[in-house]
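Read-outs: derived from the displayed coordinates by stated rules, not from any lab. Since this is a predicted model, take the numbers as computed values, not measurements. Heads up, the Cβs are rebuilt from the backbone with ideal geometry, glycines too, and the neighbour counts pull from every protein chain shown.
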């Protein structure tokens, strides 16, 4: 399983880079009934990012409330 590194930009102009873990991927696939290899919507990236941020203890907010602080999310280029 390949981990996915996500770069999150927040509305306060800060950035955070997080790496998914096996538990994040399992939770994602269970929630959406979709393989993580089929990430096709911005909602998918945001949810995976929120799972990782939550696991790391960087937010205690529920998903929808956390979204209010997010400006963008993208898969980080592994070559950077």
From zero outward in steps of 5 Å, how is the percent of C-alpha pairs of the range 37-80 spread across the bins? 5, 20, 30, 24, 15, 5, 1
At what distance in nm do the modelled label points of residue 71 and residue 59 sit from each other, each positioned 7 Å from its Cα along Cα→Cβ? 1.5 nm
Per the helix-only calculation at 222 nm, which mean residue ellipticity applies to the chain, given -39500 (n - 2.57) for every DSSP H run of n ≥ 4 and division by its residues, nearest 500 deg cm²/dmol? -11000 deg cm²/dmol
Compute the orientation-averaged projected area for the chain from the convex hull of its Cα atoms and round it to one decimal in nm². 5.2 nm²
Quick one: what do you get for the range 6-51 if you divide its Cα Rg by 2.2 N^0.38 Å? 1.18
With 10 angstrom as the radius, rank 20, 69, 54, 35 by how many other C-beta atoms surround their C-beta, starting from the fewest. 35, 69, 54, 20
Among 66, 50, which comes first, second and so on when ranked by fewest other beta-carbon atoms within 10 Å? 66, 50
